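Written below as structure tokens is the structure these notes are about.
The values are calculated or read from the model by the stated rules, or taken from the named source; none is laboratory data. Note that the coordinates shown come from a computational prediction; the quantities given were computed from them, not determined experimentally. All Cβ positions, even for glycine, are placed from backbone atoms using ideal geometry, and neighbour counts span all protein chains on display. When the accessible area is computed, the model is the full protein with side chains, heavy atoms only, and any ligands, DNA or RNA have been set aside. Shrake-Rupley method; radii C 1.70, N 1.55, O 1.52, S 1.80 Å.
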Amino acid sequence: MRLVLLGAPGSGKGTQAARLKEYLQVPHISTGDLLRAEVAAGSALGLQAKEVMARGDLVSDEILLGMLRDRFSREDTKAGFILDGYPRNLAQAAALDELLRSLGQKFDAAVQLAVDNEQIVERLAGRAQAEGRADDAPEAVRKRLQVYDQQTAPVIEFYRQHGQLTVVEGVGTLDEVFTRIVEAIAPEKAVG
Ligand code: B4P
């Protein structure tokens, strides 16, 4: 199965992708995790990305596409994937389309986790305390939500207009949200 997970920062994409990966037995490709790994490694790319991420802005499309091409060149993506955090603007949506076409692949569903802003601010404040991620600081969260409304919301509209969007309610326990996603994408495999 080839899945694209969409949703505001803190909507639970990473959380659910980790479970879906086990369930569907396909790799989880998180552009946020790929970037954080570069930052942690202190690579040239990581140094460029660090400040941008801490501000709550998007890292350049060029860097992201390079990272994604690289990841998709690995054998394990042939069986499927869960793409989490990409695309985040219309240019990235077009680039993904192009990349998959060049690989002779198509994704099966774009799933949006719908969570309201109030709940998001609360969740990320919790994670800021627990994990101390720089981009979970209140100022950066405000910026990320603004970037989401301006740049990522149009991607959701784009997939909706192309009949590729599935919206799943992202509020509830982790199990509840997971079951909703599975029912939406693979009802024959749904449990409970
Ligand atoms: P990401 O790593 O994608 O970060 P995110 O949006 O915060 O993650 P997510 O929605 O996965 O939230 P999570 O499950 O962790 O991006 C970070 C930064 O990287 C971006 O701001 C940008 O700078 C850069 N970046 C990444 N991709 C890019 C791209 N394509 N282009 C340019 N730049 C890019 O959940 C959040 C919290 O909620 C957790 O604490 C979790 O425990 C909690 N939670 C989850 N589900 C819950 C539930 N059902 N109920 C209660 N709490 C829940």
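Got a number for residues in the range 24-42 being more than 14 Å from the chain's Cα centre (by Cα) and surrounded by 17 or more Cβ atoms within 10 Å (Cβ to Cβ)?
Step one: filter the range 24-42 for residues more than 14 Å from the chain's Cα centre (by Cα), giving 24-26, 37-42.
Among the residues that remain, those that are also surrounded by 17 or more Cβ atoms within 10 Å (Cβ to Cβ) are: 24, 26, 38-39.
Within the range 24-42, residues that are more than 14 Å from the chain's Cα centre (by Cα) and surrounded by 17 or more Cβ atoms within 10 Å (Cβ to Cβ) number 4.
How many of the residues making up the range 17-35 are in a helix (DSSP H, G or I) and either more than 8 Å from the ligand (Cβ to nearest atom) or not acidic (Asp, Glu) (or both)?
Looking only at that region, the number is 12.
Please indicate, with yes or no, whether at least one residue in the range 68-77 is outside any loop (DSSP other than H, G, I, E, B) and in contact (Cβ under 8 Å) with a residue 60 or more places away in the chain.
No, the range 68-77 contains no residue that is outside any loop (DSSP other than H, G, I, E, B) and in contact (Cβ under 8 Å) with a residue 60 or more places away in the chain.
Do we find that residue 132 is small (Gly, Ala, Ser) and under 23 Å from residue 20 (Cα atoms) in this structure?
no
For residues that are among the hydrophobic types (A, V, I, L, M, F, W, C), open to solvent by 40 Å² or more (accessible area, probe 1.4 Å) and out of contact with any helix residue (DSSP H, G or I) (no Cβ under 6 Å at 6 or more places or on another chain), scanning just the range 43-54, find the one that is nearest to residue 112 (Cα to Cα).
At the first step, the residues of the range 43-54 found to be among the hydrophobic types (A, V, I, L, M, F, W, C) are 44-45, 47, 49, 52-54.
Then drop every residue that is not open to solvent by 40 Å² or more (accessible area, probe 1.4 Å), which leaves 44-45, 47, 54.
Within this subset, residues satisfying the condition of being out of contact with any helix residue (DSSP H, G or I) (no Cβ under 6 Å at 6 or more places or on another chain) are 44, 47.
Details: 44: 32, 47: 31 Å.
In this case the residue turns out to be 47.
Across the range 117-127, what is the total count of residues that are without any contact (Cβ under 8 Å) to a residue 12 or more places away in the chain and near the ligand (Cβ under 10 Å from one of its atoms)?
2
If you check every pair at least six apart or on different chains, which have Cβ atoms under 6 Å apart with a residue in the range 146-164 that is touching a residue at least 12 places away in the same chain (Cβ under 8 Å) first and a residue that is aromatic (Phe, Trp, Tyr) second?
Between residues of the range 146-164 that are touching a residue at least 12 places away in the same chain (Cβ under 8 Å) and residues that are aromatic (Phe, Trp, Tyr), there is no close pair.
Anything in the range 1-16 that is assigned to a helix (DSSP H, G or I), within 9 Å of the chain's Cα centre (by Cα) and crowded, with 23+ Cβ neighbours inside 10 Å? List them, or say none. I'd like the intermediate steps shown before the answer.
Within the range 1-16, the first condition is being assigned to a helix (DSSP H, G or I), and the residues that meet it are 13-16.
Then keep just the ones that are within 9 Å of the chain's Cα centre (by Cα); that gives 13-14.
Selection gives 13 alone.
Filter the range 49-97 down to the residues that are within 18 Å of residue 25 (Cβ to Cβ), among the β-branched types (Val, Ile, Thr) and under 15 Å from the mean Cα position of the chain (by Cα) and list them by number.
Once the filter is applied, which keeps residues that are within 18 Å of residue 25 (Cβ to Cβ), among the β-branched types (Val, Ile, Thr) and under 15 Å from the mean Cα position of the chain (by Cα), the range 49-97 yields only 82.
Could you list all residues from the range 55-81 that are within 11 Å of the ligand (Cβ to nearest atom) and open to solvent by less than 40 Å² (accessible area, probe 1.4 Å)?
If the condition is that a residue be within 11 Å of the ligand (Cβ to nearest atom) and open to solvent by less than 40 Å² (accessible area, probe 1.4 Å), then 56, 59, 63, 64, 65, 67, 68 are the ones that fit.
Looking only at the range 83-116, count every residue that is open to solvent by less than 60 Å² (accessible area, probe 1.4 Å), within 13 Å of the ligand (Cβ to nearest atom) and in a loop (DSSP other than H, G, I, E, B) and tell me the total.
Result for the range 83-116: 5.
Being on the phi > 0 side of the Ramachandran plot and within 10 Å of the ligand (Cβ to nearest atom) is the filter here, so list the residues in the range 129-180 that pass it.
Hit for the range 129-180 is 172, nothing else.
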